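To start, the structure under review is shown below, and the notes come after it.
The values are calculated or read from the model by the stated rules, or taken from the named source; none is laboratory data. Everything quoted here is computed from the prediction, not taken from an experiment. With ideal geometry, Cβ positions are generated from the backbone for all residues, glycine too; neighbour counts draw on all protein chains shown. Protein only, heavy atoms only, side chains kept; ligands, DNA and RNA dropped before computing areas. Shrake-Rupley method; radii C 1.70, N 1.55, O 1.52, S 1.80 Å.
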Amino acid sequence: MPKRTDIHKIMIIGSGPIIIGQACEFDYSGTQACKSLRSEGYEVVLVNSNPATIMTDPEIANRTYIEPLSKIYLEAIIAAERPDALLPTVGGQTGLNLAVELAESGILEKYGVKLIGASLDAIKVAEDRLLFKDVCRKIGLEVPASAVVTEIQEAVRFADELGYPVVIRPSFTLGGTGGSIAYNHEEFVDAIARALDASPVHQALIEESVIGWKEYELEVMRDWRDNFVVICSIENFDPMGIHTGDSITVAPAQTLTDKEYQRMRDAAAAIIRAVGVETGGSNIQFGIDPATGRMVVIEMNPRVSRSSALASKATGFPIAKIAAKLAVGMTLDEIPNDITKKTPCSFEPTIDYVVAKIPKWQFEKFPGSDTTLTTQMKSVGEVMAIGRTFQEALCKGIRALEPSSAWRPPAEVTTALLREKLHVPGPDRLHWLFEALERGMSRDEVCDLTKIDPWFIAHLEEMLAVDKRMAGTSLRQCSRELMLESKRSGASDEEIAKLWDVKSSSVRSRRQELGVTPVFKRVDTCAAEFESFTPYLYSTYEEEDESGAVERPKIVILGSGPNRIGQGIEFDYCCCHAAFALKEDGYETVMVNCNPETVSTDYDTSDRLYFEPLTLEDVLAVLDREKPQGVIVQFGGQTPLNLAIELKRNGAKIIGTDPESIDLAEDRRRFGALLTELQIPQPRNATALAPEEAVAAASEIGLPVLVRPSYVLGGRSMVIAYDLKTVQEYVIQAAQIGTAGDPKRPILIDQFLEDATEVDVDALADGEDVLIAGIMEHIEEAGIHSGDSSCVLPSVSLRPSVLERIREYTSRLAKALHVVGLMNVQYAIQRDTVYVLEVNPRASRTIPYVSKATGVPLAKVAARLMTGRKLRELNLPFIEHDGIKELAVHDFYAVKSPVFPFNKFRGVDPVLGPEMRSTGEVMGISSDFGVAFAKAQLAAGQRLPQKGIVFMSVSDHDKKNAHHVARDLVTAGLKIVATRGTAAALRRSGIEVESVYKVNEGRPNIVDLIKTGKIDMLINTPLGRESFYDEKSIRRAAIRYNIPCITTLSAASAAARGIRAMLGHEADVSSLQDLHLRKSTAAVSIPSADSDALPSASPARAGAAVPPADPA
Amino acid sequence: MVFNTSLTGYQEVFTDPSYCGQIVCLTYPHIGNVGTNLDDEESPKPYIEALVVREFSALSSNWRSSESAQHFLERNNVPVIWDIDTRALVRHLRDVGALRGVVSTDGTPAEKLIAEARALPTMTGQELASRVSSPKSYHWDRGSIDLAAPFAAAASAGAVPAGTSGVPHSAHRPGAASGKRYRVVAYDLGIKQNILRLLVDHGCDVTVVPAKTSAEDVLAMKPDGVFISNGPGDPEPATYAVENIRKMVGRAPIFGICLGHQLCGLALGGKTFKLKFGHHGANHPVKNLLTEKIEITSQNHGFCVDPESLPSSDVEITHLNLNDHTNEGMRHRSLPLFSVQYHPEASPGPHDARYLFDQFIDLMETHKRA
Ligand SMILES: Nc1ncnc2c1ncn2[C@@H]1O[C@H](COP(=O)(O)OP(=O)(O)O)[C@@H](O)[C@H]1O
Ligand SMILES: Nc1ncnc2c1ncn2[C@@H]1O[C@H](COP(=O)(O)OP(=O)(O)O)[C@@H](O)[C@H]1O
Ligand SMILES: [Mg+2]
Ligand SMILES: [Mg+2]
């Protein structure tokens, strides 16, 4: 049947900020859905609070709203746009939950909006674990025994009956937030409380444990004619008990006979029909007892998911794109398969390679967090690798993770510890597996300890065997056969080099001498049965090459690899834009990346896609094949930058800013010299290799100082030291983890600028002209990582003279570094002196945000500059301030706020510092700064109260200014309670305030008040390190009960303005398309009302903003 | 030399008599992972002439496995080539079509082997069914292993109308349910055991007879229905079978699968032709023209019925392959006969077309009443 004609305008809800368990896979699916629906002639209205996404580009949807994902704002948008239908299944759990909320509160009915893709009933059955289990039982499927509980006593009773271990899972949370496994009564009592807490409906499921069973997933699709297909089967390398998001997974399933596989397929078909998901994709998880084959159903997600993104990339079948078409009434057989062109989508992809997905964790950023892998997802990203065999795929995946270098086990490891490491899964278990096998632990024992299938372990053994034989020979003696065998088993040049201890470059040349080089094969959905028309390629060591590279001006774009904190979707956004722009300019675009969640790895983003690890070896192989005119390393964050010099050395033509200047900017010593030469102030600084050296330098500079390793992104392992002892310990530690001692990578020591306002600047340059793209004023002061502080564009409180200096320095720097493309500068303004903190001559995290605020696609422009075009031919809307060009801004404020994953890492102090820990960001827009800030906070999950009680406890330093904030709050109608000192200070300025006990002063104290829900917001600026203990408990309570908690006076005053501004303020929404039509004004001309916006910043100390919790 | 794109079910492929006379290349690179077991065979021994794979696992990891795949083929003297670029081979076969080939382990020089291969007959014109058929008739009473049974009904497309709840109508089997029995005579032209198992599941007493059993002898057994099986080779030279079918049409309900379908086509006056490289896999979309529903089907055939050649007055085309629009099924407009080119018993493969066995039962039921 042709598509529906009764609907014309369709609304799509995005998944909001990147959080653990919900990353850019939903940008990929949402973007596909928008394009897919528009190509069928529908008008698309998109809502998402996350500005870093491709889907929120004004050209992706017809109407694009970057607004908080909350009911009132969504209703306002529905009222304004009057869509005919809402597609709830491409925005992750967030989109699905909001759709349910809108439907149940009658809003959809009120405005006559139909739910398409999945009915309310289907969603509820699939999402409510108990209803779902009933349905499964009804159709003769087994599920783990379970009960849903809403209060602790009954829970405990049931669990004791069931017997331990039991699995605990809160309802309606994603990534298993709040879920866990309890091995005994005590653990259970503690765990169930957390679970109930985490559930939006205060409900949790207690379940029979099938830990250690084999875990499988099926990605399935169905159309309204009841045609059903399985797109991909996925087998988890890790057993039940480790969240699929934290498991290494492999596609297709490896250890099922056809009978068992078809049983699972039959079950999936029966489930999707019984649940009533009429159209679209679903993800269904199964557990199988390896001893008996008993199969249980674990869960179903009636929407596209992280796994469906993986399945799409693994098979070449674009699930989200097709799901969107099915939702509007098309059937699978009516949709052609893009890759084969001749055949329809009503088929089941078959593949002739193996896909491995490996998660990426960052526990190191959350000291004190429990690194055990359980039923709650903790990874922040993932890589996917394609190989002709499992070994090849796994090895490519391992080296795609960063650091890709092989991991060294601590010198002294007892067998007992080894056993424990295998038994209790952690992020490094792959390495422990290899270690155990290398030590000759038997396969049976390894399987027994890990519950990993012997088939996988046998392959690891084979790899080690090949390595042994390689170690037995040498660079010179190695035969072609052995070299080929080693490469076919997945070994990287780097590993081989280690075995022979030679340089990997000599391994590469030797390998080429022996004629052992990779070929590229295609991902084609059909195992070569039909011709493929899309160059979606992976490397392997075989005979025939299918890359079919063409002779055309072409540019290779290097992506950014797995999502990490500090290097996430923003960089993928830039890479995609480079591809879009250069395609428009007639270049053949070639993308190299290994992150299955991204838009950049969608085969129709660029002309050619190489799904490959971003290591020198793999990238050079692609360049050898493609022979491009240019390579872009500026857009993928630190990952490709780290390759730049080596690539250049190997003859690659890097376009844009020369790697040498990138290097110069990264090398603090040389860069310091440059700043001095340019007469631009910088914090006093030094570099050191040894502890003594560091201590000397620090005392020379004067405390406090900031210490960190060089060449890192996201302020990795950066600390503020208030005493020399800290400095010394830091360097010693660094030496241990190998980041120090390497003369090329010294420890950096900077004077820490206290009380400084931080400013981020993005600029474009073409080698001659410089154009300032945006000057962003941070809300929190320097000392809190730029990625972790809120900021506003245009700035609201910077003096014209300061702005002038910022522009002047920026342009001077761009010229001195011969920047071609993008440059990001971070400044700290302390008592009107403008210091440069760092310069990154590359795309920065703020590019998408600035692009959306200004309406100018900066990454596209930059890509064009890199191919030799000039700013002046691109006629961009700028304003000139005595000779320096700056992009015009529109007459509204765009506030960016970060989102943090602390609710996933219990026991971690959420206090912020110079090390970035946010996973995502949101944007709030309004012509009033206060409103924009409040919207951003709301979007980030911090609902600023309209009434109620605010708790204040500020540092002595802040006491003199606290009354401004307090007065704002009181006029806004809120009550204030404060700790003794603060209360006294406020009373002195005539503010009515009630005082309350600190934690150690008696009961009921502030934490009691928080727990009993008496407090609606906290303002707590830290009193220095001493009293941290007391405050930690306050902040933790705030996180746990999700109460807004603000910890800098500047942020507090912004919040106060926000609250005042929101008073009696309707949810005002406007689309980007309209906003960008608004009149442009000079960035400098700030409404004078705002010049007193922020009081002079308060001390940063060990940074101290308590973050909004992940809104999930 | 042919290739099969199924991701699972290599044991079923090894033991499918339809592969008699063919070297098989499996496109999925890891073969042998789950070993072999006693339940998953389609006949007592492997029929493939030789196996070509990317990697052949020495280890079998599955709770049902009783013997490693390597050992199984070795025991049955089936040569295996692995560690070669099978994708390159498949792309070649795709372009030039199925080829004749020789597998040698004794170091005979390539030229000689090529000459030998050239000397081999092509598939066209070869009558192989009688070669693999059972020499004498026997009774079959084993049904499916229960592993697969419970959901079969719920899964077979159409069991559940779109949108409504998917509670399976407890494995809709008129025979089984009503305790009724149907006497079915099955011609063994290289029959796959899963067809027999499903007939039993559906309440049939099955007697398997040799390929060349005469129509008279079969009709003398007073069958409620006659089944014409799959099998190897070119249908045209199997004139004896065509003859027999002609004699039986209208006198007993007939259900044909694969070669059985082609023979029915010939019997009804149609023609068959050879496909370039055939259909061998478990993911082929087939449209049921009567219900408009799509079935993901299991296929294994090199020849095909030319729908144009069939007398449209008598024959109705019922199924269409959506990849290349070749014929996949037909039924007689007035007489009790229907057949499909693909494998509704799908072993290996999806169970979407199991409903055809119910259809056969219904056909026998109505014919009985009449
Ligand atoms: N009954 C169980 N016993 C043991 N492990 C389980 C059980 N149920 C789920 N798990 C594990 O927990 C993980 C998360 O459970 P799941 O139902 O998929 O929730 P989510 O919605 O977070 O994906 C699964 O991937 C699986 O590894
Ligand atoms: N000298 C300094 N004084 C005060 N704060 C600083 C100083 N240097 C860096 N910071 C803070 O640390 C954060 C991270 O430092 P930065 O050099 O930007 O590292 P990254 O490369 O990770 O962005 C900055 O955003 C800023 O808030
Ligand atoms: Mg799950
Ligand atoms: Mg920075």
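Filter the stretch B:86-98 down to residues that are free of Cβ contacts under 8 Å to residues at least 12 places away in the same chain and at the interface with another protein chain (Cβ under 8 Å from one of its Cβ atoms) and give me whichever is most open to solvent (accessible area, probe 1.4 Å).
Within the stretch B:86-98, the match that is most open to solvent (accessible area, probe 1.4 Å) is B:ARG91.
For the stretch B:17-28, indicate whether the set of residues that are part of a loop (DSSP other than H, G, I, E, B), free of Cβ contacts under 8 Å to residues at least 60 places away in the same chain and within 26 Å of A:ALA253 (Cβ to Cβ) is non-empty.
yes
Test A:GLU754 against the stated conditions and say whether it is away from every other protein chain (no Cβ under 14 Å), away from ligand 4 (no atom under 14 Å from the Cβ), acidic (Asp, Glu) and closer than 25 Å to A:CYS1045 by Cβ.
Taking the combined requirement at face value, the residue satisfies it.
Which of the residues belonging to the stretch B:281-311 are assigned to a strand (DSSP E or B), under 14 Å from B:THR326 (Cα atoms) and not hydrophobic (A, V, I, L, M, F, W, C)? Break it down into steps so the answer makes sense when it comes.
At the first step, the residues of the stretch B:281-311 found to be assigned to a strand (DSSP E or B) are B:281-288, B:294-306.
When the remaining residues are screened for being under 14 Å from B:THR326 (Cα atoms), the result is B:284-288, B:297, B:299-306.
Result: B:HIS284, B:PRO285, B:LYS287, B:ASN288, B:THR297, B:GLN299, B:ASN300, B:HIS301, B:GLY302, B:ASP306.
If a residue has to be at the interface with chain B (Cβ under 9 Å from one of its Cβ atoms), assigned to a loop (DSSP other than H, G, I, E, B) and either in contact with a Leu (Cβ under 6 Å, 6 or more places away or on another chain) or open to solvent by 10 Å² or more (accessible area, probe 1.4 Å) (or both) to count, how many in the stretch A:331-344 make the cut? Steps first, please.
Just the residues of the stretch A:331-344 that are at the interface with chain B (Cβ under 9 Å from one of its Cβ atoms), to begin with: A:331-333, A:340, A:342-344.
If we keep only those that are assigned to a loop (DSSP other than H, G, I, E, B) too, we end up with A:331, A:340, A:342-343.
Still in the running and either in contact with a Leu (Cβ under 6 Å, 6 or more places away or on another chain) or open to solvent by 10 Å² or more (accessible area, probe 1.4 Å) (or both): A:342.
So the answer is 1.
Testing A:LYS521 on (1) charged (D, E, K, R); (2) more than 12 Å from chain B (Cβ to nearest Cβ); (3) within 32 Å of the chain's Cα centre (by Cα), one condition comes back false. Which one is that?
(2)
Within the stretch A:84-104, can one find any residue that is open to solvent by 50 Å² or more (accessible area, probe 1.4 Å) and not acidic (Asp, Glu)?
no
Residues to consider are B:ILE317, B:ILE361; find the one that is in contact with a helix residue (DSSP H, G or I) (Cβ under 8 Å, 6 or more places away or on another chain) and not in a helix (DSSP H, G or I).
The match here is B:ILE317.
Inspect the stretch A:183-205 for any residue being within 15 Å of ligand 3 (Cβ to nearest atom), in contact (Cβ under 8 Å) with a residue 24 or more places away in the chain, within 30 Å of the chain's Cα centre (by Cα) and farther than 23 Å from A:LEU310 by Cα and give the result as yes or no.
Step one: filter the stretch A:183-205 for residues within 15 Å of ligand 3 (Cβ to nearest atom), giving A:205.
Filter once more, so that each one left must be in contact (Cβ under 8 Å) with a residue 24 or more places away in the chain: A:205.
Among the residues that remain, those that are also within 30 Å of the chain's Cα centre (by Cα) are: A:205.
Pick out the ones that are also farther than 23 Å from A:LEU310 by Cα and you get A:205.
Yes - at least one qualifying residue is present in the stretch A:183-205.
Among A:ASP585, A:ASP602, which is modelled with pLDDT of 95 or more and open to solvent by 10 Å² or more (accessible area, probe 1.4 Å)? So that I can check it myself, show each step before the final result.
Details: A:ASP602 fails: open to solvent by 10 Å² or more (accessible area, probe 1.4 Å).
Among A:ASP585, A:ASP602, only A:ASP585 is modelled with pLDDT of 95 or more and open to solvent by 10 Å² or more (accessible area, probe 1.4 Å).
Quick one: which strands (runs of 3 or more DSSP E) sit completely within the stretch A:778-846 and have at least 2 residues that are crowded, with 22+ Cβ neighbours inside 10 Å, more than 14 Å from chain B (Cβ to nearest Cβ) and away from ligand 4 (no atom under 16 Å from the Cβ)? Break it down into steps so the answer makes sense when it comes.
Working: elements: A:791-793, A:820-830, A:833-840.
Result: A:791-793, A:820-830.
Given the residues B:SER339, B:SER334, B:SER347, which is the only one that is outside any helix (DSSP H, G or I), hydroxyl-bearing (Ser, Thr, Tyr) and within 14 Å of another protein chain (Cβ to nearest Cβ)?
Exactly one residue qualifies, and that residue is B:SER347.
Which of (1) within 16 Å of ligand 3 (Cβ to nearest atom); (2) within 14 Å of another protein chain (Cβ to nearest Cβ); (3) buried (at least 24 other Cβ atoms within 10 Å of the Cβ) does A:TYR353 not meet, given it meets every other one?
Result: A:TYR353 fails condition (1) only.
Check A:ALA268, A:ALA314, A:ALA274, A:ALA253 and return the single one that is in contact with a Ser or Thr (Cβ under 6 Å, 6 or more places away or on another chain) and touching a residue at least 40 places away in the same chain (Cβ under 8 Å).
From the options A:ALA268, A:ALA314, A:ALA274, A:ALA253, the qualifying one is A:ALA274.
Determine if the stretch B:101-119 includes at least one residue that is open to solvent by 50 Å² or more (accessible area, probe 1.4 Å) and closer than 21 Å to B:GLY281 by Cα.
Keep residues of the stretch B:101-119 that are open to solvent by 50 Å² or more (accessible area, probe 1.4 Å), which gives B:102, B:105-107, B:109-112, B:114-116, B:118-119.
Now restrict to residues that are closer than 21 Å to B:GLY281 by Cα: none.
Looking through the stretch B:101-119, none of the residues is open to solvent by 50 Å² or more (accessible area, probe 1.4 Å) and closer than 21 Å to B:GLY281 by Cα.
If you check A:THR279 against the conditions, is it open to solvent by 10 Å² or more (accessible area, probe 1.4 Å), more than 16 Å from ligand 4 (Cβ to nearest atom) and within 7 Å of another protein chain (Cβ to nearest Cβ)?
The answer is no for A:THR279.
Specify which of the listed residues (B:SER134, B:SER57) is more than 22 Å from the chain's Cα centre (by Cα) and in contact (Cβ under 8 Å) with a residue 24 or more places away in the chain. If you could, list the steps in order and put the result at the bottom.
Numbers: B:SER134 fails: more than 22 Å from the chain's Cα centre (by Cα).
On inspection, the qualifying residue turns out to be B:SER57.
Please go through the stretch B:40-60 and pick out each residue that is within 13 Å of chain A (Cβ to nearest Cβ), touching a strand residue (DSSP E or B) at 6+ places or on another chain (Cβ under 6 Å) and part of a loop (DSSP other than H, G, I, E, B).
B:VAL53
Looking at the stretch A:340-357 only, could you name the residues that are closer than 23 Å to A:GLY387 by Cα and at pLDDT below 95?
Hit for the stretch A:340-357 is A:THR340, nothing else.
Would you mind finding the one in A:THR150, A:THR177 that is within 10 Å of ligand 1 (Cβ to nearest atom) and within 27 Å of A:PHE905 (Cβ to Cβ)? So that I can check it myself, show each step before the final result.
Details: A:THR150 fails: within 10 Å of ligand 1 (Cβ to nearest atom).
Being within 10 Å of ligand 1 (Cβ to nearest atom) and within 27 Å of A:PHE905 (Cβ to Cβ) holds for just one of A:THR150, A:THR177, which is A:THR177.
Could you look through the stretch A:111-130, keep only residues that are part of a helix (DSSP H, G or I) and over 21 Å from A:ARG222 (Cα atoms), and pick out the one that is nearest to the chain's Cα centre (by Cα)?
Only one residue fits best here, namely A:ARG129.
Report whether or not A:VAL950 is open to solvent by less than 20 Å² (accessible area, probe 1.4 Å), touching a Pro at 6+ places or on another chain (Cβ under 9 Å) and not basic (Lys, Arg). Walk me through how you get there before you give the answer.
Values: open to solvent by less than 20 Å² (accessible area, probe 1.4 Å): yes; touching a Pro at 6+ places or on another chain (Cβ under 9 Å): no; not basic (Lys, Arg): yes.
No: the conditions fail for A:VAL950.
Condition test on A:ALA270, is it at the interface with chain B (Cβ under 7 Å from one of its Cβ atoms), at pLDDT 95 or above and open to solvent by 10 Å² or more (accessible area, probe 1.4 Å)?
no
Take the residues of the stretch B:359-369 that are open to solvent by 10 Å² or more (accessible area, probe 1.4 Å) and touching a Gly at 6+ places or on another chain (Cβ under 9 Å): which is farthest from B:ILE145 (Cα to Cα)?
For the stretch B:359-369, the residue satisfying everything is B:HIS367.
Check off (1) without any contact (Cβ under 8 Å) to a residue 12 or more places away in the chain; (2) assigned to a helix (DSSP H, G or I) for A:ALA393 and give me the number that stays unchecked.
So the condition that A:ALA393 fails would be (1).
Given (1) within 17 Å of A:ARG306 (Cα to Cα); (2) open to solvent by less than 10 Å² (accessible area, probe 1.4 Å); (3) away from ligand 1 (no atom under 12 Å from the Cβ); (4) out of contact with any Ser or Thr (no Cβ under 8 Å at 6 or more places or on another chain), where does A:PHE286 come up short, assuming only one miss?
Unmet condition: (3).
Looking only at the stretch A:284-310, how many residues end up being of a type in the set (A, V, I, L, M, F, W, C), more than 13 Å from every other protein chain (Cβ to nearest Cβ) and over 18 Å from A:SER15 (Cβ atoms)?
Summing the residues that are of a type in the set (A, V, I, L, M, F, W, C), more than 13 Å from every other protein chain (Cβ to nearest Cβ) and over 18 Å from A:SER15 (Cβ atoms) in the stretch A:284-310 gives 2.
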